[in-house]
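Report on the following structure.
The values are calculated or read from the model by the stated rules, or taken from the named source; none is laboratory data. Computed from a predicted structure; not experimentally measured. Here the Cβ positions follow ideal geometry from the backbone for every residue, glycine too, while neighbour counts run over all protein chains shown. Accessible surface areas use protein heavy atoms only, side chains included; no ligands, DNA or RNA. Shrake-Rupley method; radii C 1.70, N 1.55, O 1.52, S 1.80 Å.
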Amino acid sequence: MPTLRDIRRRIRSVESTQKITRAMQMVAAAKFNRAQADVQTLRPFAEGMEALLGHFLRCGEPADHPLLAREEIRKRALVVVSSDRGLCGAYNSSIFRAAEKEIREAEDPEGVGVIALGRRVSDFLRRRSHKILFDFEMLGDRLSTTGAREIALHLQHMYATGEVDQVDVLYTRFISTMSREVVVKPVLGIRLDTEEAEGGAPYILEPPGEQLLGDLLPRVLFTRVVAVLAEVFASEHSARMTAMRLATDNATELLDELTLVRNRMRQAAITRELADIVGSAEAMA
Amino acid sequence: MATTFHTRILTAEGEIFEGATTSLIARSRDGYFGILANHAPMIASLVPGKLVLKDGNGKESVFCMSGGLLEVRDNELRILADSAELPGDIDYDRACRAEERARERLGGRGQGVDLDRALLALLRAINRKKTTEEYRHV
């Protein structure tokens, strides 16, 4: 049976926890606003890049480049993106679950190597002793084009040297503050669809064919990476915002209950003391 | 026939320019080239250089570009730039330091120096310096 003092202590501790979760909720909200703005500024750039690639591919220029899709895929890299920090609800665990499923259900699970992006996922994969091809460890908490460029360059190098024959990214797509979705998106290799070649506008290519492809493909890769990261940050911060709001609400509920108990106990103590006084007064009379 | 075309200059960090344009000059591997309204569909790769465009009122704007891709069709021109800055926004001292660093790396050779990257960095730095010097007093 908790004493009145225990209940009071409990209330104080719940109150201070609530202060923390409320502060974290506000910080996450501020970071989320920035992340959402980043998603929006990036969108026209990313759409423009994919459109340009599509137009180029439709020109049907026969060209060869180390970043193009390969016939035989022996090694597949799965870039798994999580956050560096926790306290964001099911955000990270749903990524882990999806990653394990993706590897288990792959045609050749042995041929899948994981590239970890974000501290949570590298910790998780290491515990599960999955084969990690590369570990970027830290992800940070806001979009940086320099960081995205580094990641893109690394993936490009791994692909061009033949270390991997395909690169997919598993990440959380941002839909709205209330909904997110874990998806797998291919980023390399890029397929030259000569099927669609007919009917495309006759573009002037400067420089022609292969050289232009060499300038284009690394930029397509960079754009895909930076677009994924923008969504990842928006997802992470919105997940943390929701998780912290729930925690704050729970604390309020708990405080209401505890306050009720405390008041009842205090009233009981007063009644008991009063009964004692009245009892002893009667005995003296 | 239209006399202007719509131009958008975008980078991963945001939109740099958007509006009606009568002419645009940019730099490809083969040198500077110009684009007027009703240009044939084209995809071009840009190298570090300046970009000059004239808007509908004849006002000229200059940007310092570090490479990118340009696409034009149906009087819509879009540039996806690696970076695009106004000459006034360039950090001149930083460009000088970047140039020195790139020259050192190119001179040093060996030790896993990525020559392509160093060379590109050098070109970008020189371009930033040149554009600033040219437009400093404008």
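Side notes on the structure shown:
- Screening A:Met244, A:Met265 for residues that are within 25 Å of A:Arg120 (Cβ to Cβ) and either in contact with a His (Cβ under 8 Å, 6 or more places away or on another chain) or away from chain B (no Cβ under 14 Å) (or both) leaves exactly one candidate, A:Met244.
- Residues in the range A:141-165 that are part of a helix (DSSP H, G or I), within 17 Å of B:Thr11 (Cβ to Cβ) and either more than 12 Å from every other protein chain (Cβ to nearest Cβ) or touching an Asp or Glu at 6+ places or on another chain (Cβ under 7 Å) (or both): A:Thr145 only.
- Output for the range A:108-137, where each listed residue is in contact with a strand residue (DSSP E or B) (Cβ under 6 Å, 6 or more places away or on another chain) and open to solvent by 30 Å² or more (accessible area, probe 1.4 Å): A:His130, A:Lys131, A:Ile132, A:Leu133, A:Phe134, A:Asp135, A:Phe136
- Some residue of the range B:29-44 being hydroxyl-bearing (Ser, Thr, Tyr) and either away from chain A (no Cβ under 14 Å) or closer than 20 Å to A:Gly48 by Cβ (or both): no
- When B:Leu51, B:Leu24, B:Leu77 are checked against the criterion of being assigned to a strand (DSSP E or B), closer than 30 Å to A:Arg34 by Cβ and not assigned by TED's automatic domain parsing to the domain that holds B:Arg124, B:Leu51 stands alone in meeting it.
- Cβ pairs under 9 Å, 6+ apart, first in the range B:1-28 and more than 14 Å from chain A (Cβ to nearest Cβ) and within 17 Å of B:Arg73 (Cβ to Cβ), second open to solvent by less than 40 Å² (accessible area, probe 1.4 Å) and among the charged types (D, E, K, R): B:Thr4/B:Asp55; B:Ala20/B:Asp55; B:Thr21/B:Asp55
- Among residues of the range A:166-203, those that are within 14 Å of chain B (Cβ to nearest Cβ) and either surrounded by fewer than 15 Cβ atoms within 10 Å (Cβ to Cβ) or modelled with pLDDT of 90 or more (or both), counted: 3
- Candidates in the range B:54-75 are the residues that are within 17 Å of B:Thr11 (Cα to Cα) and within 14 Å of chain A (Cβ to nearest Cβ); of these, the one that is nearest to the chain's Cα centre (by Cα) is B:Met65.
- Enumeration of residues in the range A:28-38 that are open to solvent by less than 80 Å² (accessible area, probe 1.4 Å), more than 10 Å from every other protein chain (Cβ to nearest Cβ) and free of Cβ contacts under 8 Å to residues at least 60 places away in the same chain: A:Ala30
- Just one residue in the set A:Thr17, A:Thr41 is in contact (Cβ under 8 Å) with a residue 24 or more places away in the chain, within 26 Å of A:Arg85 (Cβ to Cβ) and part of a helix (DSSP H, G or I); that residue is A:Thr17.
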